[in-house]
Amino acid sequence: MHYYNGLNINNNSTWGSSLQIFFMENSDMIRVPIRDKGLKNEISIIKGKIISKNSIIVPDDGNYTFAFISKKDTLFADDRLEFWRYKDKGISYKLNDSSKNIILKNYKLNPNQQ
């Protein structure tokens, strides 16, 4: 699980067109391994929904601050953890409160500001 709160020249988070930032060495990047099985399962469910549905949203050049990386496979999420992107497809999906709090706690983020 990677979190990047870096800002681009427009003071926005990382754009969909610049997701490679998650794979570069960067002192602003915070990396945390996912140990919670429930969270891992929920991430898998989100990816499965994106892959299996026909009515998927084609993401615009939105802002992303989270990357969930497993080997060479990556699922990205916005700062609210409500829009998810896998390759060139996306879906709106709200995590359960427990999973969301696990993520925010790891990065010392306040759930009320997300």
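The values are calculated or read from the model by the stated rules, or taken from the named source; none is laboratory data. Note that this is a predicted model, so its numbers are computed, not measured. Neighbour counts are summed over all protein chains in view; Cβ atoms, including those assigned to glycine, are modelled from backbone coordinates with ideal geometry. Keep in mind that these areas ignore ligands, DNA and RNA; they rest on the heavy atoms of the full protein, side chains included. Shrake-Rupley method; radii C 1.70, N 1.55, O 1.52, S 1.80 Å.
Checking Leu81 against (1) open to solvent by less than 30 Å² (accessible area, probe 1.4 Å); (2) under 13 Å from Gly16 (Cα atoms); (3) modelled with pLDDT of 85 or more, only one condition comes out false. Which one?
Of (1) open to solvent by less than 30 Å² (accessible area, probe 1.4 Å); (2) under 13 Å from Gly16 (Cα atoms); (3) modelled with pLDDT of 85 or more, only one is false for Leu81: (2).
Give the residue that is surrounded by the fewest Cβ atoms within 10 Å (Cβ to Cβ), with candidates limited to residues of the stretch 29-38 that are of a type outside the set (Lys, Arg) and outside any helix (DSSP H, G or I).
Pass one, the stretch 29-38, residues of a type outside the set (Lys, Arg): 29-30, 32-34, 36, 38.
Pick out the ones that are also outside any helix (DSSP H, G or I) and you get 29-30, 32-34, 36.
Numbers: Met29: 16, Ile30: 14, Val32: 13, Pro33: 6, Ile34: 16, Asp36: 13.
Per the stated criteria, the residue is Pro33.
In the stretch 18-28, is there at least one residue being at pLDDT below 75, more than 13 Å from the chain's Cα centre (by Cα) and open to solvent by less than 20 Å² (accessible area, probe 1.4 Å)?
Taking every residue of the stretch 18-28 in turn, none turns out to be at pLDDT below 75, more than 13 Å from the chain's Cα centre (by Cα) and open to solvent by less than 20 Å² (accessible area, probe 1.4 Å).
Is there any pair linking a residue in the stretch 39-52 that is surrounded by 15 or more Cβ atoms within 10 Å (Cβ to Cβ) to one that is basic (Lys, Arg), with Cβ under 9 Å and at least six apart or on different chains, and which?
Within 9 Å, the pairs are Ile50/Arg85; Ile50/Lys87; Ile50/Lys89.
Can you pull out the residues in the stretch 84-114 that are more than 21 Å from Leu19 (Cβ to Cβ), at pLDDT below 85 and assigned to a loop (DSSP other than H, G, I, E, B)?
Within the stretch 84-114, Lys108, Asn110 meet the criteria.
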